[in-house]
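Before any comments, here is the structure.
The values are calculated or read from the model by the stated rules, or taken from the named source; none is laboratory data. Every value quoted in this text rests on a predicted model; they were computed, and no experiment measured them. When we count neighbours, we look across all protein chains shown, and the Cβ atoms used for this are built from the backbone with ideal geometry, even at glycine. The accessibility values were calculated without ligands, DNA or RNA, using every heavy atom of the protein model including side chains. Shrake-Rupley method; radii C 1.70, N 1.55, O 1.52, S 1.80 Å.
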Amino acid sequence: MAMNEGGTPGGAAFGDVPDEETLPCGRELAQVWEQAETGEPDPHTADCPHCAEALRALRTLEGVVARARADEPQERQWDTAALAGRVMDVVRLELRPGRTLALGEPDEDAWIVEAAAARTFRAAVDALPGVRAGSCRIETAVVNAASGASAPPAGRLPRGPARVRIEVQVGLSWNLQLVADEVRGRIVEAADGELGMRVAAVDVVVADLLDEDEEDREDQEDQEDQEDQEDQEDQEDQEDREDREAEEADEVEGGQR
Amino acid sequence: MPGDRGRAPEETDAPLPHEDALLVVRAAEGDDEAFEALVHRHAPVLLRLATRLLGSPTEAEDAVQEAFVSAWRKLPEFRGDARFGTWMHRIVTNRCLNVLRSRPPVTALDSVPEPQAPEHQVSPARAAEAHAAVRDLSRAIEGLSPEQRVCWVLRELDGVPYESIAETVGISQEAVRGRVFRARRYLTEAMAGWR
Amino acid sequence: MTEQQTPRALADLVGAAVLATRGVAFLRPGLAELLRSSVGLGAGRGTSGAAGASGVRVQRRKGSAGLDIEVYVVLSRGHRALDVTRAVRAAVVDVLAGEAGEKVSAQVRVTVTGVV
């Protein structure tokens, strides 16, 4: 049959098969197989011995492929602990600690990296039922220039109370004003109790609502609109600042290379 | 407590599992623990993919490891327009394609693929026969070109739609169809003895 | 007390004292390197500066007898970060008082690089 003319499987060069192949009945082999794949019915194929032979070849292959898949270990059987360990060994040599933030009083020389502080805040927020923390950025709230504070060491933010911006996903059953207050409370509490960082302001951004409960939804959206407006001004301000920081961050990174 | 005042959630379920998107945001901001959770979550599927693509569990582990490390480096620029799993699938596939391309060309008869892990429990004779067929298939796959192999494995073993393969590999859908066809053509030939 | 060796010896002592401080999980060498490059300390005070690899850096301040000491620590969860940094500072000061034996003015900077 036509299929055996294309060279033996042990042939030298791989891919050693024609792009197109016409069966003796005039049908393109590629087309016959694709029709079989899509399940498109074709009266010709049902009766044609050449097409039947071509399909038998494909089914044989599919049978062995199915067998090969069945022989594979189940997903949960893959041992990924060692792999994850090796990945994390490399990752921990290439951490991105973020900015360096002040701890304690202005005259103390104690600091914490942003990534560590953010993780603490996220954990505190996650402890609220139906609330999950996403992005968490921390910076120094604007310090009064006249206060005579000495310039911070290079690459560190000025010593002064922090401003935290946190995005949260919130279950629909929460009142958004209430949840924003709760989130603020948790962060202020964690900042004092777990870190020892002075926090001047916490911007809470509800980034996402969890669940799709239509009845609750309308109610919540009203709340959300209010919240959005409140956050609006803050946010513009915020974005300006973030742009500036993005530039600074670029410079720092450039210096590392 | 939130339950004490106003409308607060009544559910007191355990902490919700963190979705990928949330973990990705955290990891992008430097949270290595969030990244570790993503690694644990996605490693099994990616290891299976890489093993299918490369035929060697050892090489597959290396490819997946490198893919994760490169993902960590690229995360700050990852905008979340694709899902993390899709993104990783793409990184691993391209990594494997490069590995396949760097291999010296082998003829199907020379190649001896590494045996796959656990044995199956069926009647010995049938198991042996089926096993031999699978072994022949693995050997035949080594005779495909890297591009054919990747397209065929994604289509037949991973069940990826043609358009997604085209996107992943960066070629047209027509080119993917052509490669899958040529791979099938070659493999049906190789497996003719089992018909 | 030679120019080269004292900072190294002192850094080792400081490192040991810091590690013994309650709430400190470990010193973070790799990150100290990373942070050093990003805080813009000049070249020439790089890896040859003895203590860089241990998460503790001891530098002689230019043109004076003072020392600059930088400590990078990873904390154990459940300890208040500021309290640990204060305890670390106290431990470092103790070491200086005991070991240097002379009147050393030292600036001690403590940075928390992680919590595990």
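A cut-off under 11 angstrom between Cβ atoms defines the neighbours of C:Ala87, and their net charge, with Lys, Arg +1 and Asp, Glu -1, is +2. At a Förster distance of 45 Å, what's the computed FRET efficiency of C:Ser76 paired with B:Thr86, Cβ-Cβ distance as r, to 0.05? Here the calculated transfer efficiency is 0.75.
Largest first, the three principal axis extents of the alpha carbons in region B:127-195 are 39, 19, 18 Å in whole numbers. Remark: relative contact order (region A:18-71) = 29 percent; criterion is Cα-Cα distance under 8 angstrom and separation of 6 or more residues. Remark on region A:18-71: hydrodynamic radius 11.9 angstrom, per the Kirkwood mean of 1/r across alpha carbon pairs.
Our analysis of region B:35-86 gives Rg over Rh at 0.99, with the two radii drawn from alpha carbon positions and Rh computed by the Kirkwood formula.
Above 20 Å lies some portion of the pair distances; for region B:17-106, what is it as a whole percent of all C-alpha pairs?
Details: 1348 of 4005 pairs.
Across region B:17-106, Cα pairs with separations above 20 Å total 34 percent.
Each chain gives up part of its surface: A and C jointly bury about 2100 Å² of accessible area, both sides summed, for a 1.4 Å probe.
The residue among B:Val45, B:Ala28, B:Gln65 whose Cα reaches farthest toward the positive pole of the charge dipole of region B:25-84, with charges on the beta-carbon of Lys, Arg, Asp and Glu, is B:Val45. Please compute the modelled spin-label separation between C:Asp83 and B:Ala192, points set 7 Å along Cα→Cβ, answer in nm with one decimal. With each label placed 7 Å out from Cα toward Cβ, I get 8.0 nm.
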